[in-house]
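Here's the structure we're looking at; comments come further down.
Each value in this text was obtained by applying a stated rule to the coordinates, not by laboratory testing. All of these numbers come straight from a predicted model, not from anything done at the bench. Cβ placement follows ideal geometry from the backbone for every residue including glycine, while neighbour counts extend to all protein chains displayed.
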Amino acid sequence: MNPKLIGAVVALALLQLVLQIVALVRLARAPSERVSIGGRRWAWALIILLGGMVGPILWFALGREHAPAISTGTAADETSRRSAVDVLYGSRRPAGDPSNAPDRFTSEPPPVPRVERDPRGRE
């Protein structure tokens, strides 16, 4: 038998095995409400295992429903989001605002300390 043909068959078999393992892991981790075919995991597990190379591809293409879009929320949600952003990245209030604490947007960065080198090449 041709060694190139054997190599191609082995590569395809490994690809199929990897696809099946990844698809089964994703199936196991998917919330039941996002699994199509009525949330029946066993049906998708059979399709993935018995469908050869096509089974996992069908799961990735058709088996999972997309998560619902996140709503824009209420004004309270927006305020909460802004405060979280302010905590993480500092506020963007004008520099003249007295309630503004120094932050990375309005104040000068601290000076970088100089490192003196030893004449022998050691620090």
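Quick one: in region 3-63, what % of C-alpha pairs are over 14 Å apart? Counting pairs separated by more than 14 Å, the tail of P(r) holds 54 percent. Once both labels are positioned 7 Å from their Cα atoms along Cα-to-Cβ, the gap between Val115 and Met1 label points is 5.9 nm. Extending 7 Å from Cα along the Cβ direction at Ile21 and again at Arg81 yields two label points whose distance is 3.9 nm. Amide hydrogen proximity for Arg64: with H placed 1.01 Å from N in the peptide plane, the residues at 5 or more positions away or on another chain lying under 5 Å are Ser36. Computed from phi, the 3J(HN,Hα) profile of region 58-65 under the Karplus parametrisation 6.51, -1.76, 1.60 (θ = phi - 60°) reads 4, 4, 5, 7, 10, x, 10, 8 Hz, with x in place of Gly and Pro.
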